[in-house]
Amino acid sequence: MDEMEEELKCPVCGSFFREPIILPCSHNICLACARNILVQTPDAESPQSSRASGSDYDYLDLDKMSLYSEADSGYGSYGGFVSAPTTPCQKSPNGVRVFPPAVPQPPPQHHLLGHPGSLPPIPRNSCLTCPQCHRSLILDERGLRGFAKNRVLEGVVDRYQQSKTAALKCQLCEKSPKEATVMCEQCDVFYCDPCRLRCHPPRGPLAKHRLVPPAQGRVSRRTSPRKISTCTEHELENLSMYCVQCKMPVCYQCLEEGKHGTHEVKALGAMWKLHKGQLSQALNILSDRATEAKEFLVQLRNMVQHIQENGVEFEACLVAQCDALIDALNRRKAQLLTRVNKEHEHKLKVVRDQISHCTVKLRQTTGLMEYCLEVIKENDPSGFLQISDALIRRVHMTEGQWGKGTLTPRMTSDFDLTLDSGPLLQTIHQLDFIQMKVPSAPMLQLEECCTINNSATLSWKQPPLSTIAVDGYILELDDGNGGQFREVYVGTETICTVDGLHYNSTYMSRVKAFNASGVGQYSKTLAMQTSEIAWFTFDPASAHPDIILSNDNLTVTCNSYDDRVVMGNSGFSRGVHYWEITVDRYDNHPDPAFGVARVDVLKDVMLGKDDKAWAMYVDNNRSWFMHNNSHTNRTDGGVSEEATVGVLLDFTRGILIFLINDEQQGPVAFEGIEGLYYPAVSLNRNVQVTLHTGLPIPDFYTPEEADLSGSVC
């Protein structure tokens, strides 16, 4: 109820409405506040020419003379007047812009609300602007009395204010009255619990009295009897009718003398009930919107929390990734520094070795030179000549050791290592946020998912708010018997039809999305039930070329005298299945064969000639069972035109049974049936048959006799 308080406050004064009047734009304003915001228009504008009141308000006319407010200037101007005055606007306590009076207003004590006769006269050509929608109108000679009082709003305000006051007291307590807990509507008395038990016992004639909470009782006391509203133009007349065109209550005199005489009118009570119903319906819709808004706000608040949590998580992830890059760079830096140090040590070693070698040679050369200089000083010719040849050879030999390259450095001082950091710097500069999360779980579109026969169609989509790129989807189904899931589709499409499922089986399906970052979560699991009864036709794609199909692939014959095979378009591997074939034409006693076969059965021989078919072939007198060209169980009784051959395939017991004209033909034809089988027929041009599917199991074959562990399909 507290949320309603803003609806009960005047947009001008910000307080609860006091004597509210209804403006033609359907907004409300206090009567005193309406006088405070009146503005006098230029005398050149005649009130009769642009007259507007609570009963003849026209938005189109008002638009031509309305008081427009500038968007940001804080000033308003009168549209439609040549010399329209401008009046600064201000904001009410509720934040709504209002226009103050152009002339000083009398003190509030002179505004005796509720006594219109004592109000000062309204200035001629006064203009009133709605403080909420800013539509304006010029008052007529009746002034503010031309607007109807909103008695309903006034009553709501009174009830709301009373509900906020102190609790009601018991009327029967002698000393220090206690707080009342109930009110008797018949006695019109408020009781506390002790006084109610003492003075108003729930028995005898008082048992039929209705006890209500005090607040409800106070409201009912105030609202009963209901006030009768009077006409604003004819104060002595009660409002008894409703003008449909003007959308306002009118009195009898308004219809006889006023401008509503030619308008469509209806009973006030009927329109009261009608509008109450319309308001209730509108409130129901608005209530649904409010509920949706509350749920949406909860969703947004949850999003705020999730954004904060995801922000912290994402920031931590980013820091961890950058730290990992920095660690990798530091490790690489250490490796490169090791290489530089090795190169540094190698260069130093080479240069130091060359220095040591050159030093030794230089010392030897210097010693030889000093010795030779001393020998040259010798004055004995014979002694000099004895060693001169040897010294000359040693000098030449030593000089030769200082040949080309000996005095050239073996190592340069430059480091021939160039760090190629350009690509890495470019990569660092290009480092940005890309696909960092796996896709969200897809949403299965239940309205588009369905099963037909033994085929299932599934459709899905990404969540509406998901912005993560998706490269494809993976659809998984179980085996229809609670087993493990297996992939049945991988691709970019969002719809897939899976054929060849088991009949009368419940398949669990789910889908997930993937991208370069990985595979996302699974969607919700959807259970899909395949058809209980098999509906199928002959398959022209797998039939022998000599086979002729008609009647929507239900009727088949052949254009060859040799037997040719045609199979059904559905295979069976689970459950109990029954179908019938009627013989439409039977000439010259041929031997058609009926049964089941593998997908790779021979198509140019009689059904049962190879090990891929299990069949019964029959003429006009008797029948045989045949598999892998082995004939067994000859049984009397054949077929003719209009005969019916039934095939009963029971996977729960692994048996195959044949019927002719609703009677079982021979014993159980074959046992140990398991795997995938297709209905099959072989015939020639002398026979024409028609297939009938979707049939119930014959009456003689009950689940008890068949020892069925599952349902029949």
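The values are calculated or read from the model by the stated rules, or taken from the named source; none is laboratory data. Because the structure is a prediction, the values reported are computed rather than measured. For neighbour counting, all protein chains shown are included, and Cβ atoms are generated from backbone atoms with ideal geometry for every residue, glycine included. The area values use the complete protein model at the heavy-atom level, side chains included, leaving out ligands, DNA and RNA. Shrake-Rupley method; radii C 1.70, N 1.55, O 1.52, S 1.80 Å.
Tabulated data
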{"item": "Heavy-atom accessible area per residue - the range 607-675, 1.4 Å, Å²", "result": "44 Å²"}
{"item": "Above-threshold pairs, the threshold being 20 Å between Cα atoms, out of K169/K208; K149/K247; K9/K294; K9/K273", "result": "K169/K208; K9/K294; K9/K273"}
{"item": "Computed FRET value (nearest 0.05) for E256 with M4, which takes r as the C-beta separation and R₀ as 35 Å", "result": "0.30"}
{"item": "Cα gyration tensor shape of the range 230-272, rounded if a/c is under 1.5, else prolate or oblate by comparing a/b with b/c", "result": "oblate"}
{"item": "Sequence-separation-based contact order of the range 561-658, relative, with Cα cut under 8 Å and 6+ spacing, percent", "result": "31 percent"}
{"item": "Stretchable slack from R159 to K266, in nm (0.36 nm times residue separation minus alpha-carbon distance)", "result": "35.5 nm"}
{"item": "Length added when fully stretched, E19-M397, from 0.36 nm per residue minus Cα-Cα", "result": "122.7 nm"}
{"item": "Dipole axis of the range 382-449 (+1 Lys, Arg; -1 Asp, Glu on Cβ), positive-most option in L385, S421, M411", "result": "L385"}
{"item": "Alpha carbon centroid spacing (whole Å) that separates the range 453-474 from the range 369-390", "result": "108 Å"}
{"item": "Those trypsin sites (Lys or Arg not before Pro) in the range 129-187 that DSSP places in a loop and that have at most 11 other beta carbons within 10 Å", "result": "K175"}
{"item": "Computed label-point distance, nm, for sites Q521 and R142 using a 7 Å Cα→Cβ extension", "result": "6.5 nm"}
{"item": "Sequence of M183, M303, M606 from largest to smallest accessible area, 1.4 Å probe", "result": "M303, M606, M183"}
{"item": "Two-site FRET efficiency, V488 against E309, from Cβ-Cβ distance with R₀ of 45 Å, rounded to 0.05", "result": "0.80"}
{"item": "HN-Hα J in Hz across the range 202-214 - Karplus 6.51, -1.76, 1.60, θ = phi - 60°, x for Gly and Pro", "result": "x, 8, x, x, 7, 5, 8, 6, 9, 9, 10, x, x"}
{"item": "Within the range 253-284, backbone nitrogen closer than 18 Å to the virtual label 7 Å beyond the Cα of L297 toward Cβ", "result": "none"}
{"item": "Prolate/oblate/rounded call for the range 247-374, Cα gyration tensor, a/c under 1.5 rounded", "result": "prolate"}
{"item": "The range 539-693: C-alpha gyration tensor shape, a/c 1.5 cut-off, then a/b vs b/c", "result": "rounded"}
{"item": "Accessible area in square angstrom per residue, the range 328-466, 1.4 angstrom probe", "result": "78 Å²"}
{"item": "The range 385-462: chymotrypsin sites (Phe, Trp or Tyr not before Pro) in DSSP loop, at most 16 other beta carbons within 10 Å", "result": "W402, F415, F433"}
{"item": "Cα centroid of the range 406-427 to Cα centroid of the range 577-606, whole Å", "result": "87 Å"}
{"item": "Around A316: net Lys/Arg minus Asp/Glu count, Cβ-Cβ under 13 Å", "result": "-4"}
{"item": "Euclidean distance of C-alpha centroids, the range 524-569 and the range 251-310, integer Å", "result": "61 Å"}
{"item": "Gain upon complete extension [L283, Q216; 0.36 nm per residue less C-alpha separation]", "result": "21.9 nm"}
{"item": "Two-site FRET efficiency, L446 against L206, from Cβ-Cβ distance with R₀ of 56 Å, rounded to 0.05", "result": "0.45"}
{"item": "Spatially proximal lysines relative to K333 (Cα-Cα < 23 Å; intrachain offsets below 8 disregarded)", "result": "K342, K347"}
{"item": "Distant-in-sequence amide H partners of K178 (H built 1.01 Å from N, under 5 Å)", "result": "C170, C173"}
{"item": "The range 642-700: relative contact order in percent, alpha carbon pairs under 8 Å with at least 6 residues between", "result": "24 percent"}
{"item": "Where labels lie 7 Å past Cα in the beta-carbon direction, separation of V351 and N551 in nm", "result": "10.6 nm"}
{"item": "Contact order normalised by residue count of the range 590-713, Cα under 8 Å, 6+ apart, percent", "result": "23 percent"}
